[in-house]
Amino acid sequence: METENAVNYTYMGRSFKDLSINDDSSAFSDCNSDRSGEFPTAASQSRRLFLACTNSENSDEFIRQLVSDLGSCSIDEQKHAALELRLLAKNKPENRIKIAKAGAIKPLISLISSADPYLQENGVTAILNLSLCDENKELIASSGAIKPLVGALRTGTPTAKENAACALLRLSQVEENKVAIGRSGAIPLLVNLLENGGFRGKKDASTALYSLCTVRENKMKAVEAGIMKPLVELMADLGSNMVDKSAFVLSVLLPVPEAKTALVKEGGIPVLVEIIEVGSQRQKEIVVAILLQICEESVVYRTMVAREGALPPLVALSQSGTNRAKQKAEKLIELLRQPRSVKAAATPSDLP
């Protein structure tokens, strides 16, 4: 499997030298656990959960009963069991291990394919919460969770889609799962969520795509699925709170030549130049590194960037940006000012 990593900014185990930012906050939603809270428990259920969690023996016995109820012939018992397992796994790492050891993973995975939206959402979200534990990730994947999660991403409720994206993100943190997730059809569905989902869905999709697209095969799938259009649109909307996230996803795609071609075709260069002009310092630093990647090997793209008026804001950035932004801006200015005729002619892949 070919994985391409840029190399002191770290996110999800990847370190960025070229795209480093001087900000400790994450560019992405963290997908830590379900945040929806759409299914409040009745008082009696809350009481049972409280009693179960206050005593280790009671907790173990309660979990075993819930796992047994997942296989019940009663839909109501299945619903209650899935909900309570989801809640037990939400905030307590020790419960995630107990629930997995009690054999809950396979029956919960089976619920992900349920026609009942309540069962499906709770199945997806319980698996998401269990996947937060590193010890469970490989077991969840080997138990066959990937395809049902992709199915939920295709046909589920908005909450099921968002939490399925988060669960796939967590499973993708095991390197061996990235190709399997890509080959299960997840990439086009995540691109669709990025384009058409709500704000949380867009964040979750961008995070999952960022993780999955460290693999070249998945980069190609994302470009072929039309990812560049929503990325450019989100970067163009400076008030969307998606500029940084979209730019980071774009950066991980650029080693694929087709990504550069698609970026230009979707009008990405004017958008990137505008960010250099009016974006935040963080955004400018990310984008100047992206423009440098685009221009380093292409006379055609250098000409396009220069014609969009990039030089004045780049000069300003070279004087007032962060140290890393200044270095990148100076290098890009030098490239843009080189005589075009001295460079090799553009290759067909350079052409938009």
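The values are calculated or read from the model by the stated rules, or taken from the named source; none is laboratory data. Quantities reported herein were computed from a predicted structural model and do not represent experimental measurements. Cβ coordinates were reconstructed from backbone atoms using ideal geometry, including for glycine residues, and neighbour counts include every protein chain displayed. Accessible surface is based on the protein model in full, side chains and every heavy atom, while ligands, DNA and RNA are left aside. Shrake-Rupley method; radii C 1.70, N 1.55, O 1.52, S 1.80 Å.
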What FRET efficiency do you get for THR157 and ASP134 if R0 is 22 Å and r is their Cβ-Cβ distance, rounded to the nearest 0.05?
0.20
Set LYS137/LYS260; LYS79/LYS245; LYS101/LYS202; LYS202/LYS328; LYS92/LYS203 screened for pairs whose C-alpha atoms are more than 27 Å apart
LYS137/LYS260; LYS79/LYS245; LYS101/LYS202; LYS202/LYS328
For LYS265, counting only lysines whose alpha-carbon sits under 18 Å away and dropping same-chain residues fewer than eight positions off, the answer is LYS219, LYS221, LYS229
Pop the C-beta distance of ASP237 and LYS265 into the FRET formula with R0 = 22 Å and round what comes out to the nearest 0.05.
0.70
Dimensionless Rg/Rh of the stretch 215-352, both radii on Cα and Rh by Kirkwood, sits at 0.95
How far apart, in nm, are two points set 7 Å out from the Cα along the Cα-to-Cβ line at GLU296 and at LYS101?
4.9 nm
With GLU135 itself left out, Lys, Arg at +1 and Asp, Glu at -1 over residues whose Cβ is under 15 Å from its Cβ give +3
Gain on full stretching of the segment that runs from GLU61 to ALA180 - 0.36 nm per residue minus C-alpha separation
39.3 nm
Of SER113, SER211, which has the most accessible area and how do the rest follow, probe 1.4 Å?
SER113, SER211
Pseudo-spin-label distance GLU217 to GLN338, built 7 Å along Cα→Cβ, given in nm, is 3.6 nm
Extended-chain gain in nm, criterion 0.36 nm per residue less alpha-carbon gap, SER280 and GLN327:
15.2 nm
Could you check the spin-label model distance between GLN173 and ILE75? Points 7 Å from the Cα along Cα→Cβ, value in nm.
3.5 nm
